[in-house]
1. Determine, yes or no, whether THR129 is touching a residue at least 24 places away in the same chain (Cβ under 8 Å) and open to solvent by less than 20 Å² (accessible area, probe 1.4 Å).
2. Hey, any hits in region 146-153 for a residue that's among the hydrophobic types (A, V, I, L, M, F, W, C), touching a residue at least 40 places away in the same chain (Cβ under 8 Å), under 21 Å from SER109 (Cβ atoms) and open to solvent by less than 60 Å² (accessible area, probe 1.4 Å)?
3. Could you pull out every one of the strands (runs of 3 or more DSSP E) wholly within region 457-529 that has 3 or more residues that are within 23 Å of ASN247 (Cα to Cα) and more than 22 Å from the chain's Cα centre (by Cα)?
4. Quick check on my filter: what residues within region 132-145 are among the aliphatic types (A, V, I, L, M) and exposed (fewer than 11 other Cβ atoms within 10 Å of the Cβ)?
5. Within region 121-133, is there a residue that is closer than 18 Å to LEU170 by Cα and part of a loop (DSSP other than H, G, I, E, B)?
6. Do any residues in region 362-387 that are at positive phi have Cβ atoms under 9 Å from those of residues that are open to solvent by 40 Å² or more (accessible area, probe 1.4 Å) and at pLDDT 95 or above, where the two are at least six apart or on different chains, and which pairs are they?
7. Taking the conditions exactly as written (free of Cβ contacts under 8 Å to residues at least 40 places away in the same chain and either more than 16 Å from LEU367 (Cα to Cα) or among the hydroxyl-bearing types (Ser, Thr, Tyr) (or both)), does ASP304 satisfy them or not?
8. Within region 539-570, restricting attention to residues that are touching a Ser or Thr at 6+ places or on another chain (Cβ under 8 Å) and hydroxyl-bearing (Ser, Thr, Tyr), which residue is surrounded by the most Cβ atoms within 10 Å (Cβ to Cβ)?
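The values are calculated or read from the model by the stated rules, or taken from the named source; none is laboratory data. From a predicted model like this one, the values you see are computed outputs, not experimental measurements. Note that we place each Cβ from the backbone using ideal geometry, even for glycine, and neighbour counts take in every protein chain shown. Heavy atoms of the whole protein, side chains included, go into the accessibility calculation; ligands, DNA and RNA do not. Shrake-Rupley method; radii C 1.70, N 1.55, O 1.52, S 1.80 Å.
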Amino acid sequence: MKEKLNVIMIHIKMNGLLKLLMIFNLILIISCSSTNRLNQEIIKRNYHISDELFNAYIYNDSIKVDFDFWGSIDIENLSKTKNHKIRREFRRCGINNIKNLTIDKLFLSFNSTSNNYKFFFFYDKLNPTNDTTIYERIIMKDTINDITIIEKQKKDTKITVLVKGYENDLIFTNNIIKGAFSKMDIGLFNKKKLSYFKIFQSSTNGNHNYLQARENLKSAPLEDKKYKEINSLKTEFIATSNSFLSNNPEYNSFLLDYEKKRKAYFNETIKKIYQNNDVFKNNKIFDEISLVAKNNSVIMLNEDHYYPKHRLFAMQLLDVLKQNGYNYLSLEAFSNDKKNNLFPNHNNGFYTSEPYFGHFLRRAKELGFTILGHENQDDSVDREIGQAKNIYKILQDDPKAKIFVYVGKSHLEKSSRGKKWMAEYFKEISKVNPITINQARIFADTNDEIVLIPKNYFINDTIIKSSADYFLINNIKVDLKKVYPNSKFESVTLKGKEIKKYKNNELLIEVFNFYEYEKLKSLTLPIVNLLSKPKSNSIKVYLPIGKYLIKIKTSENNKILEKTVLLTDE
């Protein structure tokens, strides 16, 4: 009986111990958990961009508060930061002794990397009021520890900011506090600071991470009633970001929608004329353009900026034009980088930073073309006139010049349909009638990759609205093998523990020519940007024989792998 009693007592003690352990674990989980869940939705809506000078702008559209900060910052991801770490930071800054500044009210925290200050932002929702007065006050100033707490209130929103300095520069701290008051707004945001263009610019400036740009644009806290329509600003910027990224299902889906109506209109017309002798396909196109190039000094080709395949056709055209005496390539929105002119690079412009535009430029340099930009830089002159004059100057400086002019969409129009475009001004100024090829207007399903059609087939067409001499249907499949047709391709497997952490998440793979990167570093254009969703801890990439530097980045621009790879045919 005594033995049974002992067993029961042990059982009770064990149950009690288990309960204590469970309670201890629960406390541990709570203390180590992320910030109070009631605050998570507010925290998630912190939106941060920085300009070309790395000045920061933060907007939270959940509580309608913005903050404009001079200098670069490092924002803490509070949604992933454990509570015990925040408490430790609070103790370090003396916050734990200050009433009402609690974790559940914290919605933003960042370090000022340019002047060594730490900022904590706390939100209080007050009782509704019709009073629109803005109240500001300093509620604490600790000059010994360089801690200042300020408060700003409007209607039912109160924001408390704690600023902790680490250099004991009180004059500078005072300026920081003044700036915090003046540059924090409640109930509105700065449209000049936060726009789709600014978001795109912020995401691509310096790091050239177009996956990051795309994701930041998607989550932008801006109203856009037209979003998901082809002509909305948000859709255009997302499409542009996607056009820099290969192996991209989202981009392919966008193109299907973008081309759908055009193909529905043109497919029947193209079907009727497809077998005519003066409708040229594939290599026959280059024979036709060669004949035209012999007797003309200026050929203009346009592109739709969403399409790397348009740059591939332009690249293929270079050989034919070179054989017929063409020695200049004139580009819209191109800047010469005299300091780093050995290879095309990011300093040459925005669209020229797209990998296949880079290949187009590399091929032009290999063939000996003089590459110039004809963009108008004079704000007092109409853009179209300025561009036309810049192209004409090539002929003035070199009367024997033969020029390949590459432009965006409508700049090659030679006859007015409301607006007067560059090609029409050029024709008037130079007395030269350029041959124009429009590859941005007609979309159709064809059995051949490229089809060239003379303008006479569309003279009475009321939809086409283009004066081009030729129309090109471009169905080229964008692939590195088009750039390196004579190269053997091998696979390289990229492995790493960090890759596994991002299993089933899209990652950006940037592939650089190793020798270009040695010369240009961060200015180097990748030979390709690939998207990949790893299924394990490895990613396989196919590349032509050569030496490469490969970087893998996340949509938040975290670098998770950098590796030099040498592929040989042995």
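1. no
2. Among the residues of region 146-153, at least one is among the hydrophobic types (A, V, I, L, M, F, W, C), touching a residue at least 40 places away in the same chain (Cβ under 8 Å), under 21 Å from SER109 (Cβ atoms) and open to solvent by less than 60 Å² (accessible area, probe 1.4 Å), which makes the answer yes.
3. By residue number, 489-495.
4. Residue satisfying the conditions is ILE144 alone.
5. no
6. Taking only residues 6 or more apart or on different chains, the pairs are GLY368/LYS322; GLY368/ASN327.
7. It is false that ASP304 is free of Cβ contacts under 8 Å to residues at least 40 places away in the same chain and either more than 16 Å from LEU367 (Cα to Cα) or among the hydroxyl-bearing types (Ser, Thr, Tyr) (or both).
8. TYR548
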